[in-house]
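Input: a single structure, listed below in structure tokens.
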Amino acid sequence: MTSSHSVRFFTMMATISVVVVFFIMMSQIEYSNATLIHLTRDHRFCLHEHLSENTPFKVSVTTAFSIADSIHFTVMDPFGQTLKDERLESLRKNVYHLKARSDVTGEYELCFTYNSQFAEFTYVDVKVEVDVHHHTLGEHESVEKIERLNNLLQDVKQQIQLVSDEQNYFRVRETRFRDTTDSTYERTFWLGFVKFILLVVVTVWQLYNLRGFFKTKKLI
């Protein structure tokens, strides 16, 4: 057998083995609404998906090629801007969670380019669907944010309660201090009033005695 025949035989066997492995993998996967794509070496193949703005979507790609081969995978918006640029891994299911741009609605392109040193072609199985997990994840994150906000509000409520208790303590202490001050002022007033009365009485009594003294001495 010549070298050229050996290369052709090896290439054919590699292609057949890869395709067999691919279909074995596909038979073990429940994969509805998927698209089976035939990729030719060094040729670019593109799928088009119409997506509305802000739509989360999931791209699942099951590949069937050897380690020496490679598939270049890109996702672009209607204006040609790249959302994803990846080199797919061989013999596995590649899953990508993406989201349409917030201001762009239209045809999004999913393109594949197959490069190989041996096989002339290969197959990939592609499925594009709305990313339900993305919504669930968003809801889960929203619940977590609400819980964090709730905990923060509880902490703020506790701090407000501490401040309120401290204010009540100072208010009660101020009330007691004011009562003590008012009582002291009242006692001081009555003490001064009593002293004033005593002073008047003593003065009148002294004047009365002094007048009696003068009468006794017949000075008046």
**OP:** Would you mind computing, in nm to one decimal, how far apart the modelled labels at L207 and K93 are, each placed 7 Å from Cα along Cα→Cβ?
**Re:** 11.9
**OP:** Could you check the simple spin-label distance between T181 and E129, using points 7 Å along Cα→Cβ, in nm with one decimal?
**Re:** 7.7
Original post:
Expressed as a whole percentage, what fraction of the accessible surface of the range 151-220 belongs to carbon and sulfur atoms when a 1.4 Å probe is rolled over the protein heavy atoms?
Top reply: 65
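By how many nm would the segment from C46 to E120 grow when fully extended, if each residue of separation counts as 0.36 nm and the alpha-carbon distance is taken off?
In short, 24.8 nm is gained.
Quick one: net charge around Y123, please, counting Lys, Arg +1 and Asp, Glu -1 for every other residue with C-beta under 15 Å from its C-beta.
+1
Rounded to the nearest 20 debye, what is the charge dipole size of the range 48-124 about its Cα centre when +1 sits on each Lys and Arg Cβ and -1 on each Asp and Glu Cβ?
Roughly 320 debye, rounded to the nearest 20.
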**OP:** Answer with one residue from N168, T188, Q158: the one whose Cα lies farthest towards the positive end of the charge dipole of the range 146-195, charges on Cβ with Lys, Arg +1 and Asp, Glu -1.
**Re:** T188
Original post:
Which length gain, in nm to one decimal place, applies between Q161 and K84 when the Cα-Cα distance is subtracted from 0.36 nm times their residue separation?
Top reply: 22.5 nm
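The values are calculated or read from the model by the stated rules, or taken from the named source; none is laboratory data. Since the structure is predicted, the reported quantities are computational estimates derived from the model, not experimental observations. Using ideal geometry, Cβ is built from the backbone for each residue, glycine included, and neighbour counts are taken over all protein chains shown. Surface accessibility is based on the protein's heavy atoms, side chains included, excluding ligands, DNA and RNA. Shrake-Rupley method; radii C 1.70, N 1.55, O 1.52, S 1.80 Å.
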